[in-house]
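Take a look at the structure set out below.
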Amino acid sequence: MIELVELHQSETWFGSHSRLYDSLDSSSVQKGTDSKGKSIMQRAHVHEIGHLLCLGHVDEGKPHCPLANTNSSACYGVSDQDKIL
Ligand SMILES: [Zn+2]
C-alpha cells in the first residue's frame with residue numbers, strides 16, 4: 001500500500017518518493033528537454049514504482065553522478081536516450 005497526499009489546489013509541488021505519492025503524480029509533467037528542444041515528459045508515480053523495484057536513476061554509478069547525492073540532476077541522465085528513462 002502506498003500512501004497518498006491530497007494536495008490543495010494552490011500547491012504545485014510536493015516531493016513524492018517511493019512510499020508517499022501526491023495527487024498530482026499521475027499527471028504528465030515536463031522534466032526537461034532533449035538536445036533538439038523536444039519536451040521530455042514524466043509521470044512521477046511511474047518513476048517512483050521503479051524505485052520500489054529497487055531501480056536507481058539511469059546514470060547512477062557513472063562518474064558525473066555523485067555517490068553522495070544520487071538525486072542530482074546528472075543522475076537522471078545526460079544523453080537523450082537516458083533522459084527518457
Ligand atoms: Zn528517483
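Rounding to the nearest 20 debye, state how big the charge dipole of the chain is about its Cα centre with +1 on each Lys and Arg Cβ and -1 on each Asp and Glu Cβ. Each step should come with its number before you reach the end.
On the way: 7 positive and 11 negative charges, 62 e Å.
Around 300 debye, computed over the chain.
Taking Cα pairs under 8 Å and at least six residues apart, what relative contact order does the chain come out at, in percent? If you can, show how the numbers build up before the last one.
On the way: 101 pairs, mean separation 16.9, N = 85.
Once divided by the residue count of the chain, the mean separation gives 20 percent.
Which whole-Hz ³J(HN,Hα) couplings does segment 23-34 yield from phi under the Karplus relation 6.51 cos²θ - 1.76 cosθ + 1.60, θ = phi - 60°, glycine and proline marked x?
Each residue's phi maps through the Karplus curve to give 5, 9, 5, 8, 7, 7, 10, 6, 9, x, 9, 8 Hz.
Name the longest site-free stretch of the chain, where the excluded sites are trypsin sites (Lys or Arg not before Pro) in a DSSP loop with no more than 14 other beta-carbon atoms within 10 Å.
The segment 39-85 is the longest one with no such site.
Between segment 28-51 and segment 59-74, how many Å separate their Cα centres?
Segment 28-51 and segment 59-74 have Cα centres spaced 17 Å from each other.
Semi-axes of segment 1-54's equivalent ellipsoid from the Cα gyration tensor, sqrt of 5 times each eigenvalue, largest first, rounded to whole Å?
Gyration-tensor ellipsoid for segment 1-54: 22, 16, 7 Å.
Per DSSP H run of n ≥ 4, the term is -39500 (n - 2.57); total these for the chain, divide by its residue number, and report the mean residue ellipticity at 222 nm rounded to 500 deg cm²/dmol.
Details: 2 runs with 13 residues, N = 85.
Using -39500 (n - 2.57) per qualifying helix, the result is -3500 deg cm²/dmol.
Using a 4.7 Å cut-off between beta carbons, which cysteines in the chain end up with no partner cysteine at all?
Lone cysteines by the Cβ rule: Cys54.
Under the rule of at least 5 residues apart or a separate chain, name every residue whose amide H is placed under 5 Å from the amide H of Ile40.
Lys31, Gly32, Thr33, Asp34
May I ask for the net charge around Ile40, where only other residues with Cβ less than 15 Å from the Cβ of Ile40 are counted and Lys, Arg are +1 while Asp, Glu are -1?
Counting the neighbours of Ile40, the net charge comes to +1.
Would you mind ranking Cys54, Cys75 so that the residue whose beta carbon has the fewest other beta carbons within 10 Å leads the list?
Working: Cys54 7, Cys75 21.
The order, fewest Cβ neighbours first, is Cys54, Cys75.
Every number here is computed from the coordinates shown, using simple stated rules; none is lab data. On a predicted model such as this, the values are computed, not experimentally measured, just so you know. Glycine gets a Cβ as well: all are built from the backbone with ideal geometry, and neighbour counts include every protein chain shown.
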